[in-house]
1. So how many residues does region 179-218 have that are hydrophobic (A, V, I, L, M, F, W, C) and farther than 20 Å from residue 131 by Cα?
2. Assigned to a helix (DSSP H, G or I), under 29 Å from residue 148 (Cα atoms) and within 22 Å of the chain's Cα centre (by Cα): does that describe residue 91?
3. List the residue pairs whose Cβ atoms are under 6 Å apart, where the first residue sits in region 1-26 and is of a type in the set (Lys, Arg), the second is surrounded by 11 or more Cβ atoms within 10 Å (Cβ to Cβ), and the two are 6 or more positions apart or on different chains.
4. Return only the number of the condition from (1) without any contact (Cβ under 8 Å) to a residue 12 or more places away in the chain; (2) within 14 Å of the chain's Cα centre (by Cα) that residue 63 does not satisfy.
5. Against the conditions (1) over 25 Å from residue 3 (Cα atoms); (2) touching a Lys or Arg at 6+ places or on another chain (Cβ under 9 Å); (3) among the small types (Gly, Ala, Ser), where does residue 160 fall short? Just the number, please.
6. Kindly indicate which of 122, 84 is closer than 20 Å to residue 224 by Cα and either under 20 Å from the mean Cα position of the chain (by Cα) or modelled with pLDDT of 95 or more (or both).
7. Tell me, which residue of region 155-172 that is surrounded by 23 or more Cβ atoms within 10 Å (Cβ to Cβ) and of a type in the set (Val, Ile, Thr) is nearest to residue 117 (Cα to Cα)?
8. Just to be sure I understand, how many residues within region 201-232 are within 17 Å of the chain's Cα centre (by Cα) and touching a residue at least 60 places away in the same chain (Cβ under 8 Å)?
Amino acid sequence: MARHDGRRANQLRSVEIITHFTKFAAGSVLIKTGETHVLCTASFVEGVPRFREDTGLGWLTAEYDMLPASTGERRSRSRNKVDGRAQEIQRLIGRSLRAVCHLADLGENTIYLDCDVLQADGGTRTAGITGAYVALCLALRNLRTEGKIPGRVVRQGVAAVSVGKVGGRLLLDLDYQEDVGADVDCNIVMTSRGEFVEVQSTGEEATFTPGDLDRMLALARRGIRQLLSAQRKALSAS
């Protein structure tokens, strides 16, 4: 049975990764997964936070926000206060990208990954991770050319996707309508070597079986393979 937007249960939304979307960032992309659009930029700053000084290691961190008109009702700007959801998501993005990086190759420098949601229709955190990886790779390519960093930094690819149980069906890549009605919601981050960085799986007033989890992980692996392919195509075309 087709989903409300015509997709099969194991089908991703359409994915488009537009590279070099902004002029001044070291690396930037606009990633579109269906109607979710996220601007991801990577910025280079010399030096590291105090806890990283004199270690020879660089640092990579992320910030995430949803712009005021990204949803149906205007959202207030974060300004100086980051809400709990945004804080959780930006930490997830940072962890996911650090997991595939060798930060000694960055030298004592910092990369900031900013993920700004222009339009939200579910899956903003997973789109942020997938897009931020491409923005990071573009930035590192430029920084190596300019002689600002000593090594490759990135050791493997990483991407993320959501899976959920909706009305008894397991579905890949939930949009907002599916997400709000999901009995189980799962966000999965995986590397190009098939290793998990994070599995966030939650029952919404419901439970799920070990078999459900196995099937959700299988769906996620299918989707992430396709996202990794889209990342490679975007990078090879840039």
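1. Just the residues of region 179-218 that are hydrophobic (A, V, I, L, M, F, W, C), to begin with: 180, 182, 184, 186, 188-190, 196-197, 199, 206, 208, 213, 216-218.
Restricting the remaining residues to those that are farther than 20 Å from residue 131 by Cα gives 180, 182, 184, 206, 208, 213, 216-218.
Of the residues in that region, 9 qualify.
2. Working: assigned to a helix (DSSP H, G or I): yes; under 29 Å from residue 148 (Cα atoms): yes; within 22 Å of the chain's Cα centre (by Cα): yes.
When the stated conditions are applied, residue 91 passes them.
3. Close Cβ pairs satisfying both conditions: 13/33; 13/34; 13/173.
4. Going through the list (1) without any contact (Cβ under 8 Å) to a residue 12 or more places away in the chain; (2) within 14 Å of the chain's Cα centre (by Cα), residue 63 breaks only (1).
5. Looking at each condition in turn, residue 160 falls short on (1).
6. 122
7. This residue is 161.
8. So the count comes out to 9.
The values are calculated or read from the model by the stated rules, or taken from the named source; none is laboratory data. Bear in mind the structure is a predicted one, so any value in this text is a computation, not a measurement. Glycine also receives a Cβ, built like all others from the backbone with ideal geometry; neighbour counts cover every protein chain displayed.
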